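To keep things clear, I will list the structure first and then write my remarks on it.
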Amino acid sequence: MIKIGVVGCCGKMGKRIIALAVQDAQLETFIGFERKDCSEINSMLEGVIVSDDLDKIKQVDVVIDFTPMTDKTDLLNFVIKHKKTIVIGTTGLSVDQVEIIKQAAKDIAIVYSPNMSVGVNVMFDLVKQAAAQLKEYKVRIIEAHHIHKKDAPSGTAKQFAAIIESQTNQHVEDIEAIREGEIVGDHEIIFESDVDIISLSHKAKTRDIFAKGALDAAKWVANKPAGLYNMHNVLEKMKGLIGNEYSGC
């Protein structure tokens, strides 16, 4: 059984990760981590203790982190110190912040992806195939999220743009970011020529798709050697998809 620690366990994503993890026979949700000023420190969440002591990472196998904090240095230092592995689903990181993760991956195994959804990662492959065949088409990206999301465009939208640019050598400038209500996450990629329009879209119905993906990643990465992995690497083994190397946000 794989022991996991959930950073940001009292947030919306953290609670869903724990709720699903306690139902998984392959996992033991051992501990949740929160900021020192969190009112729920030392309380129980789904039978899991909430702690502010990152040194307790030594008691788990895999750490899962979806926290919005952009500086992961302190967290990664504890994971490295105790020779554990980590799944990072934080979006909106800068190039410099991603570089910190890349450097840490020289010492530990890290799964880092701007989107942990299986469906979105399938769509990454579909968009790559489309872009390779539609090099002369104009491309627009439309993404919509809840009003609480701070980064715009989303990390997922930026990843779609990076994939398209890698296939067409054209910069994707038209990215529309919508922030309304409690939208979980919608992405639409539109290829347009003078004679037709091709549209690929994905709509997240609940946050559970991200939580389930993170738990799949945690089970996959638990005993992997040091290195930087993404959800394509996870799905290549678990879902039969063809992976590719991580290309950044």
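What ³J(HN,Hα) values, in whole Hz, does the Karplus curve 6.51 cos²θ - 1.76 cosθ + 1.60 give for region 147-163 when θ = phi - 60°, with x put for Gly and Pro?
Once rounded to whole Hz, the list reads 5, 7, 6, 8, 8, 8, x, 5, x, 5, 4, 5, 5, 4, 4, 5, 5.
Treating each Cα of region 9-130 as an identical point scatterer and ignoring solvent, apply the Debye formula and state log10 I(q)/I(0) at q = 0.13, 0.15, 0.23 Å⁻¹.
Cα-only, vacuum Debye calculation for region 9-130: -0.56, -0.75, -1.49.
Mind telling me which of M123, M231, M44 comes out most flexible in a GNM of the chain, alpha-carbon contacts under 10 Å?
Evaluated over the chain, the most mobile residue of the options is M44.
List the residues, sorted by chain then number, that are 5 or more residues from G185 or on another chain and whose placed amide H is less than 5 Å from its amide H.
Under 5 Å from the amide H of G185 lie the amide H atoms of A204, each far enough along the sequence or on another chain.
Which translational diffusion coefficient, to the nearest whole µm²/s, is obtained for the chain from the Stokes-Einstein equation, given a Kirkwood hydrodynamic radius over C-alpha pairs, 20 °C and 1.002 mPa s?
Estimated diffusion coefficient is 115 µm²/s.
Go ahead and collect, in residue order, the members of region 145-180 whose backbone nitrogen is under 11 Å from a label point 7 Å along the Cα-Cβ direction of S43.
In region 145-180, the label zone of S43 (backbone N under 11 Å from the point 7 Å along Cα→Cβ) covers no residue.
If I model a spin label at V195 and K102 as a point 7 Å from the Cα along the Cα→Cβ vector, what separation in nanometres do I get?
Spacing of the two 7 Å Cα→Cβ label points: 4.1 nm.
Could you tell me the convex hull volume per residue, in Å³, taken over the Cα atoms of region 118-204?
That works out to 85 Å³ per residue.
Output wanted: per-residue J couplings in Hz (rounded whole) for region 33-50, from phi through Karplus 6.51 cos²θ - 1.76 cosθ + 1.60, θ = phi - 60°, x for Gly and Pro.
Along region 33-50, the couplings run 10, 9, 4, 5, 8, 6, 6, 9, 4, 6, 8, 10, 10, 6, x, 10, 6, 9 Hz.
Per DSSP H run of n ≥ 4, the term is -39500 (n - 2.57); total these for the chain, divide by its residue number, and report the mean residue ellipticity at 222 nm rounded to 500 deg cm²/dmol.
Value at 222 nm, helices only, nearest 500: -10000 deg cm²/dmol.
Values quoted throughout were computed directly from the atomic coordinates according to the rules given, and no laboratory measurement underlies them. Quick caveat, the model's predicted, so the values are computed rather than measured. A quick note on method: Cβ atoms are made from the backbone with ideal geometry, for glycine too, and the neighbour counts reach across all protein chains shown.
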